[in-house]
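Notes to accompany the following structure.
The values are calculated or read from the model by the stated rules, or taken from the named source; none is laboratory data. Computed from a prediction, not measured in an experiment: that's the story for all the values here. Every residue, glycine as well, gets a Cβ built from its backbone with ideal geometry; the counts of neighbours run over all protein chains shown.
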Amino acid sequence: MHGWAQFPKFLLCGMAAAAADFGLYGWLVRAGLNPLPAHLISRPTGGLVGFLGHRCWTFRGRDYAHPWWGQAGRYAVVWIVAYVASSVLLSLHLLWLPHRPTLAKLLSEGTVGLVNFVLQRQWTFAARHLR
């Protein structure tokens, strides 16, 4: 699969990661935890689900340019940047939507998700270039 043809698989893995993230986030908020600390706890769970799903399914079959541990390191870098960006966006969205924490999180994650696909495909799970 080339280019944007992998995007549907990326979305499905992203949905699984989001389900893990949002599920834990919702449970923590309902249990009384403030939305931002809940996010800081739940998003890493989604990150782990995402890495495993993308490596084993979304980008499977590629002649990877990097071994799994290199991919894990690159995934961590992209994930941390996305984590910080989504946390900042969530903080801003919560100012605008203080009584709608789930909508605020959805807007934050949706924005970051598009950039994430390009970075994961082109850098984290890059294919080896044959000459």
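Within the set GLY50, GLY73, GLY46, the sole residue that is of a type in the set (Gly, Ala, Ser), farther than 16 Å from ALA17 by Cβ and under 17 Å from the mean Cα position of the chain (by Cα) turns out to be GLY73.
Listed by first and then second residue, the pairs with beta-carbon distance under 6 Å, at least 6 apart or on different chains, first residue in the stretch 80-107 and closer than 17 Å to LEU28 by Cα and in contact (Cβ under 8 Å) with a residue 24 or more places away in the chain, second of a type in the set (Asp, Glu) and in a helix (DSSP H, G or I), form an empty list. Is it true that some residue in the stretch 64-86 is hydroxyl-bearing (Ser, Thr, Tyr), farther than 15 Å from GLY46 by Cβ and touching a Phe, Trp or Tyr at 6+ places or on another chain (Cβ under 9 Å)? Yes, the stretch 64-86 contains at least one residue that is hydroxyl-bearing (Ser, Thr, Tyr), farther than 15 Å from GLY46 by Cβ and touching a Phe, Trp or Tyr at 6+ places or on another chain (Cβ under 9 Å).
Among the candidates LEU12, LEU95, LEU89, LEU103, the residue that is farther than 16 Å from THR124 by Cβ, surrounded by 14 or more Cβ atoms within 10 Å (Cβ to Cβ) and not small (Gly, Ala, Ser) is uniquely LEU89. For beta carbons closer than 9 Å, sequence separation of 6+ or different chains, a first residue in the stretch 49-76 that is farther than 14 Å from PHE10 by Cβ and a second that is aliphatic (A, V, I, L, M) and outside any loop (DSSP other than H, G, I, E, B), the qualifying pairs are ASP63/ALA127; TYR64/ALA127; ALA65/ALA127; ARG74/LEU119.
Restricting attention to the stretch 31-66 and to residues that are polar (S, T, N, Q) and crowded, with 20+ Cβ neighbours inside 10 Å, the residue that is nearest to ASN116 (Cα to Cα) turns out to be THR58. Given the condition closer than 15 Å to TYR75 by Cα, assigned to a helix (DSSP H, G or I) and at pLDDT below 85, answer yes or no: does some residue in the stretch 97-112 qualify? No, every residue in the stretch 97-112 fails to be closer than 15 Å to TYR75 by Cα, assigned to a helix (DSSP H, G or I) and at pLDDT below 85.
Considering (1) more than 21 Å from LEU107 (Cβ to Cβ); (2) in contact with a Leu (Cβ under 6 Å, 6 or more places away or on another chain), the lone condition that THR45 does not fulfil carries the number (1).
Here is a yes/no grid of residues against (1) assigned to a helix (DSSP H, G or I); (2) touching a helix residue (DSSP H, G or I) at 6+ places or on another chain (Cβ under 8 Å); (3) farther than 24 Å from SER91 by Cα; (4) modelled with pLDDT of 90 or more:
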site: MET1; (1), (2), (3), (4): no, yes, yes, no
site: LEU11; (1), (2), (3), (4): yes, no, yes, no
site: ALA17; (1), (2), (3), (4): yes, yes, no, yes
site: LEU28; (1), (2), (3), (4): yes, yes, no, yes
site: GLY32; (1), (2), (3), (4): no, no, no, yes
site: GLY61; (1), (2), (3), (4): no, no, yes, no
site: GLY70; (1), (2), (3), (4): yes, no, yes, no
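Consider the stretch 53-70 and keep the residues that are within 17 Å of the chain's Cα centre (by Cα) and of a type outside the set (D, E, K, R). The one that is farthest from PHE22 (Cα to Cα) is PHE59.
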